[in-house]
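What follows is a single structure, written as structure tokens, with notes after it.
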């Protein structure tokens with residue numbers, strides 16, 4: 001297991017290194033002068049050249065990248081062109097709000113997704129199954145911004161139950177969390193249903209029913225436990241995406257998280273902030289994927305990490 005963890009850490013570092021190169025090169029291809037954007041159009045040529053020299057932007061691209069990677073290794077993601085503050089500090093300030101929304105959203109998704117997935121599997125090929133699968137398919141097709149606007153129109157404008165947007169309290173969290181939960185639950189519903197149907201067709205489930213075992217025990221103790229690994233994998237990927245900032249939902253509900261910060265950085269051509277957020281999101285994905293892999297052993301003791309390691313090499 002230790003060797004497997006070490007291999008995953010090494011592969012994660014390689015992924016982040018490749019991501020840093022890709023992001024750095026892509027930023028260089030964006031038209032526009034970040035220094036001119038920072039100083040404004042009225043700045044003189046001398047002022048622009050002076051600031052470019054201070055920021056090291058007059059150096060060759062290769063030297064700029066080495067300086068950037070050296071700074072990242074020391075925890076320095078650069079300085080925001082818009083605010084003049086360290087990128088890491090701004091991300092650290094926004095991250096708690098993103099974590100709050102991600103945890104609430106994925107909690108709603110897990111409850112809805114697993115419950116409805118098991119229900120659909122139990123009543124396979126009935127009207128209940130048809131309605132639940134239709135709703136799941138519809139949910140996967142809905143744009144996030146559209147669903148968020150509908151939620152605001154219904155529960156804020158029409159009913160007045162919740163504030164429209166902009167706050168960070170628990171009452172302000174309800175609508176964005178429920179919107180995220182509904183969007184993320186659709187794939188969990190379908191995955192849980194398909195896994196449950198496969199398990200419920202096994203002989204040992206028929207034997208348990210023949211012995212008169214309660215249906216709730218069959219569904220949750222004997223069936224659902226064997227479906228956990230694919231569900232954990234999908235939930236892990238969703239958590240990673242949400243912790244990296246759900247850009248659309250945060251923007252719709254004016255939630256002050258990583259996603260809103262990313263939109264602001266893109267619109268203002270804040271290149272260091274864009275690089276920092278991209279690298280931070282990559283770090284979140286790598287970390288969560290490693291944690292999910294380790295969670296497999298807790299979910300299913302039969303997991304053989306040596307086999308996983310060999311499979312990754314092949």
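Quick notes on this structure:
- Order by protection proxy (mean Cβ within 10 Å, highest first), peptides 153-159, 5-11: 5-11, 153-159
- A Förster radius of 41 Å combined with the Cβ-Cβ distance from residue 127 to residue 26 puts the calculated FRET efficiency at roughly 0.25.
- Relative to the compact-globule estimate of 2.2 N^0.38 Å, the Cα radius of gyration of region 94-267 comes out at 1.18.
- Spin-label model, residue 140 to residue 206: label points 7 Å out along the Cα-to-beta-carbon direction sit 3.0 nm apart.
- Cβ-derived FRET efficiency at R0 25 Å, residue 99 paired with residue 73, nearest 0.05: 0.50
- FRET efficiency, 1/(1 + (r/R0)^6) with R0 45 Å, evaluated for residue 155 and residue 2 via beta carbons: 0.35
- For region 69-170: rounded, prolate or oblate by the Cα gyration tensor [a/c cutoff 1.5]: prolate
The numbers here are math on the coordinates, done by the rules we state, and not lab data. The model shown is predicted, which means the values in this text are computed figures rather than measured ones. Every residue, glycine as well, gets a Cβ built from its backbone with ideal geometry; the counts of neighbours run over all protein chains shown.
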